[in-house]
Amino acid sequence: MIPRPTRQDWQIGVIGTGGISDSHLKAYRTEGWHVAALWNRTRSTAEARRDAFAPTARVEDHWQQILADPAIDIVDITLHPEHRTPIVEAALKAGKHVLSQKPFVSDLDTGEKLVALAADRDVRLAVNQNGRWAPHFQYMREAVQSGKIGTLSSIHARVHWDHSWTANTPFDDLDDLILYDFGIHWFDFVTSLAGDRVRSVMASATQAAGQANRTPLLAQALIRLDGGQASLAFDGFTRHGPHDTTFVTGSQGSLHSTGPDLNTQRVTLTTDDGTTIPPLKGQWFNDGFRGTMAELMCAIEDDREPLNGAQGNLAALALTFAAVAARKTGQEVDIGTIRGL
């Protein structure tokens with residue numbers, strides 16, 4: 001279920017209107033949330049997004065104008081980490097609540113400083129880990145946290161899809177496109193279930209025969225938990241018959257989710273009482289983007305940390321950074337020993 005904020009008059013400023021902003025703005029339009037202002041380095045791109053999704057919004061020439069507007073409550077910052085960090089810092093200092101695109105930061109020291117700054121300014125800092133509101137991930141997470149399967153023992157996910165559209169785009173310049181930019185959703189899923197039980201990780205990546213991308217499209221990770229294990233396999237060059245499956249086991253039950261893609265999933269809960277197939281409503285795209293912003297709004301209203309708060313997201317980043325280091329070294333890496341990319 002998507003969280004339901006009480007207020008509907010939140011004023012949102014969007015900084016960065018590149019490709020991913022399309023999903024953000026579609027989600028906000030669906031909810032009827034008011035996007036008051038947009039900025040992008042290329043003004044015409046911001047104008048096109050305004051015309052398509054937020055016709056009453058103004059397009060600013062400088063992102064600082066959005067932060068200077070006292071009417072803006074929340075700033076959605078969608079830029080890449082190397083450009084985003086100073087703007088997140090400036091937004092927090094301006095007293096704005098912030099939704100940061102993922103990956104949140106490229107090193108834990110910076111992340112911890114931003115988390116501390118948000119606390120000091122008494123504003124909320126959330127991360128757009130939209131996978132948390134993919135209906136199947138959300139149900140499985142809440143089932144584990146509510147004790148439906150007892151004590152967690154394992155998490156296994158297999159994602160077979162075609163990510164080759166990223167060839168000859170800026171994504172092709174990322175050494176660890178799959179483990180870092182894509183896989184962070186699954187590392188976040190693992191940490192949201194296992195918490196501080198995550199101990200270490202081994203990982204690898206390789207080119208698929210015939211792929212045009214410079215960066216590897218195949219990757220995998222083996223994660224050691226305290227009293228359990230997790231594994232992730234990413235086949236990003238599946239040209240035919242894509243498939244996605246997730247299996248979670250516990251001392252009193254198991255959860256199985258499967259489907260042809262991440263938007264179409266069927267979850268089964270099995271316990272001593274039998275098998276249950278819960279009804280799932282919505283899809284990852286674009287409901288996941290509704291979820292991240294709605295949760296931030298609810299957290300502001302309730303004066304609490306968002307479920308997708310930056311503080312908690314640091315655990316997912318620590319696992320992600322360790323996996324990238326394990327891929328590079330070929331060695332098992334303890335979580336927390338790697339502070340950044």
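Annotation for the range 306-341 versus the range 1-73: alpha-carbon center distance of 31 Å. Figure note: TRP161, TRP33 ranked by solvent-accessible area, largest first, 1.4 Å probe, ligands and nucleic acids not counted: TRP161, TRP33.
Its Cα centre serving as origin, the chain has a Cβ charge dipole (Lys and Arg +1, Asp and Glu -1) of approximately 340 debye. Annotation: peptides 143-154, 97-108, ranked by per-residue average of other Cβ atoms within 10 Å with the highest first, follow the order 97-108, 143-154. Packing here is the average count of other Cβ atoms within 10 Å per residue, and on that basis the peptides 233-239, 10-16, highest first, run 10-16, 233-239. When you filter the trypsin sites (Lys or Arg not before Pro) in the range 303-341 for DSSP loop state and at most 11 other Cβ atoms inside 10 Å of their Cβ, you are left with ARG304.
Restricting attention to the chain, close to 65% of DSSP beta bridges with both partner residues there are antiparallel. Going by accessible surface with a 1.4 Å probe and the largest first, THR42, THR268 read THR42, THR268. Accessible area of PHE189 (1.4 Å probe, protein heavy atoms only, ligands and nucleic acids ignored): about 10 Å².
Distance between the C-alpha centres of the range 141-203 and the range 226-257: 10 Å, rounded to the whole angstrom. Restricting attention to the chain, the count of lysine pairs at 8 or more positions apart or across chains with alpha carbons under 19 Å apart stands at 5. Sorting HIS34, HIS83 by accessible area puts them as HIS83, HIS34; the probe is 1.4 Å, largest comes first, and only protein heavy atoms count. Computed from Cα atoms, the angle from the helix 81-93 axis to the main principal axis of the chain rounds to 60 degrees.
Using mean projected area of the Cα convex hull in nm² as the read-out, say which of [x] 16.8; [y] 14.2; [z] 20.0 was calculated from these coordinates. Of the labelled values, this structure produces [x].
The values are calculated or read from the model by the stated rules, or taken from the named source; none is laboratory data. Not measured: the values here are computed from a predicted model. Because the Cβ atoms are built from the backbone with ideal geometry, glycine has one as well, and the counts that use them run over all protein chains shown. We work out accessible area using only protein heavy atoms, side chains counted, and drop any ligands, DNA or RNA first. Shrake-Rupley method; radii C 1.70, N 1.55, O 1.52, S 1.80 Å.
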